[in-house]
1. Filter the stretch 45-54 down to the residues that are surrounded by 19 or more Cβ atoms within 10 Å (Cβ to Cβ) and more than 15 Å from residue 15 (Cα to Cα) and list them by number.
2. I'm told residue 65 meets every condition in (1) assigned to a loop (DSSP other than H, G, I, E, B); (2) under 11 Å from the mean Cα position of the chain (by Cα) except one. Can you identify the failing condition by its number?
3. Identify all residues within the stretch 17-33 that are in a strand (DSSP E or B) and within 11 Å of residue 6 (Cβ to Cβ); write none if there are none.
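Laboratory data are not the source of any read-out in this text; all were calculated from the coordinates shown. What you see is a predicted model, and the numbers here were worked out from it, not measured in a lab. Note that each Cβ is placed from the backbone with ideal geometry, even for glycine, and that neighbours are counted across all protein chains shown.
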């Protein structure tokens, strides 16, 4: 299963909704989320942490950010 969410070019709340949908399907492990605004980065991080996932890393990526989240089984 592809564990990458490409939410670049989408306005909030779409990146959050897509990420939460992926979290429900994956349940645990690691997911990479690509976003292109500071607002999307902040909202995705806040939403994933509220679901029990840890933000492991945030890296600048081209014109946006690569957010890596993890959840242990």
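1. Passing the criteria: only 53.
2. Of the numbered conditions (1) assigned to a loop (DSSP other than H, G, I, E, B); (2) under 11 Å from the mean Cα position of the chain (by Cα), the odd one out for residue 65 is (1).
3. Of everything in the stretch 17-33, those that are in a strand (DSSP E or B) and within 11 Å of residue 6 (Cβ to Cβ) turn out to be 32, 33.
Residue-by-condition table, conditions (1) surrounded by 17 or more Cβ atoms within 10 Å (Cβ to Cβ); (2) touching a helix residue (DSSP H, G or I) at 6+ places or on another chain (Cβ under 6 Å):
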residue	(1), (2)
17	no, no
23	yes, no
30	no, no
34	yes, no
37	yes, no
43	yes, yes
56	no, no
